[in-house]
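Scroll down for the structure; my scribbles are underneath it.
The values are calculated or read from the model by the stated rules, or taken from the named source; none is laboratory data. It should be emphasised that the depicted structure is a prediction, and the values quoted were computed from it without experimental measurement. Cβ placement follows ideal geometry from the backbone for every residue including glycine, while neighbour counts extend to all protein chains displayed.
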Amino acid sequence: MRVLISGATGFIGRYLVPRLIEYTHEPVVWARSKSKAEKLFGAVRVIGDLSEIGNDEQIDAIINLAGAGIAEQRWSVARKRYLVDSRLDTTWALNGLVERLDVKPEVYISGSAVGYYGCQDDDRLLDEEAEVEQGFTHQLCAEWEQVALLNRAKGVRVCLIRSGVVLGEGGALAKMLPPFRLGLGGPVASGKQWLSWIHIDDEVEIICMMLTHTHFSGAYNLTSPNAATNADFSQALAGVLSRPAWFRVPAGVIRLMLGEGSELLVRGQRVYPQRLLDAGYKFAFDDLRTALKQILEPDD
């Protein structure tokens, strides 16, 4: 399949593009910085503007992973608007491409996140039909998903991937590691809040599977079946690094640093991949400690 990918130079995309090539797909990368993408992916075709794709060109699938990092800055009014626009503008642009293509793509895979369920404080398992907690993260993901779903009216199969914290070399884990390596890591706030995670190998494998398995449609939670509390995650990470995990970070400190965005760390969601399991998907990494050891001790 010829697969157009936006957001390919991000953390997930850097793993996904090589996997697509392994599966003999033909990636086409849409990137703001053509030079950066060409440096990352070598001979892969890179475009800087969707106008470079003609109306009669064959695009079999679209994977949209683009969007500004939600936890990178404090959530000012302007920042929240930017987080929304960075997702919706790209999605609308891709919708416009689908509209003008003579032959529509078979499938459109749209990024989303477990933030769709809102930040919650209880231990409920949240499957794809779970009740949501209203708030900014739900609004952000819901609007993103609604725009992507418009492609169904054009006869395109749409998959929405609600990803948890994706663990791999880089990404969120790289930001967590420095204090833990120094023996200064520990739980955030109460430590009771849930962290829904997925290994990068499972993340990209599921995306690739959705390209060719036509029964996949609609929303899917891309998380391990075994979410961890923040305290358990801290203990597992410290254990793999052979370090203590004694230094708890008070919620007040996080709120002072991140403002409203602190809810991403002091609250959470216990998300469960019910639809993936019902479809028969077998996770390569469903145990947190095993996943962390594979990433941090790959040669052992």
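Look at the range 47-67: where a residue is at positive phi and part of a loop (DSSP other than H, G, I, E, B) and a partner is among the charged types (D, E, K, R) and buried (at least 21 other Cβ atoms within 10 Å of the Cβ), sitting 6+ places away or on another chain with Cβ atoms under 9 Å, you get G67/R87. Any residue in the range 272-286 that is acidic (D, E) sitting within a Cβ distance under 8 Å of a residue that is at pLDDT 95 or above? List the pairs, counting only those 6 or more apart or interchain. Short answer, once both residue conditions are applied: D286/S224; D286/P225; D286/N226. Restricting attention to the range 25-38, does a residue exist that is buried (at least 18 other Cβ atoms within 10 Å of the Cβ), more than 30 Å from G261 (Cβ to Cβ) and of a type in the set (F, W, Y)? Within the range 25-38, none of the residues are buried (at least 18 other Cβ atoms within 10 Å of the Cβ), more than 30 Å from G261 (Cβ to Cβ) and of a type in the set (F, W, Y).
Going by the structure shown, is L256 of a type in the set (A, V, I, L, M, F, W, C) and without any contact (Cβ under 8 Å) to a residue 24 or more places away in the chain? Against the criterion (of a type in the set (A, V, I, L, M, F, W, C) and without any contact (Cβ under 8 Å) to a residue 24 or more places away in the chain), L256 qualifies. Just one residue in the set G252, G261 is under 26 Å from S163 (Cα atoms) and in a helix (DSSP H, G or I); that residue is G261. Here D232 meets each of (1) in a helix (DSSP H, G or I); (2) surrounded by 20 or more Cβ atoms within 10 Å (Cβ to Cβ) with one exception, condition (2).
Which residue is modelled with the highest pLDDT, if the candidates are limited to the range 158-181 and must be basic (K, R) and surrounded by fewer than 21 Cβ atoms within 10 Å (Cβ to Cβ)?
Only one residue tops the list, namely R181.
If the condition is being acidic (D, E) and loosely packed, with under 13 Cβ neighbours inside 10 Å, then the range 53-84 contributes D56, E72.
Which number in (1) in a helix (DSSP H, G or I); (2) among the polar types (S, T, N, Q); (3) more than 17 Å from L265 (Cα to Cα) marks the one condition that S112 misses? Only one criterion is unmet by S112, namely (1).
Check the range 86-102 and report whether any residue there is in a loop (DSSP other than H, G, I, E, B), in contact (Cβ under 8 Å) with a residue 24 or more places away in the chain and under 23 Å from the mean Cα position of the chain (by Cα). No, every residue in the range 86-102 fails to be in a loop (DSSP other than H, G, I, E, B), in contact (Cβ under 8 Å) with a residue 24 or more places away in the chain and under 23 Å from the mean Cα position of the chain (by Cα).
Residues that are of a type in the set (A, V, I, L, M) and farther than 23 Å from Q269 by Cβ were ranked within the range 148-167; the one that is farthest from the chain's Cα centre (by Cα) is A153. Of the residues that make up the range 129-138, is at least one free of Cβ contacts under 8 Å to residues at least 24 places away in the same chain and within 18 Å of the chain's Cα centre (by Cα)? Yes, there is a match, as at least one residue in the range 129-138 is free of Cβ contacts under 8 Å to residues at least 24 places away in the same chain and within 18 Å of the chain's Cα centre (by Cα).
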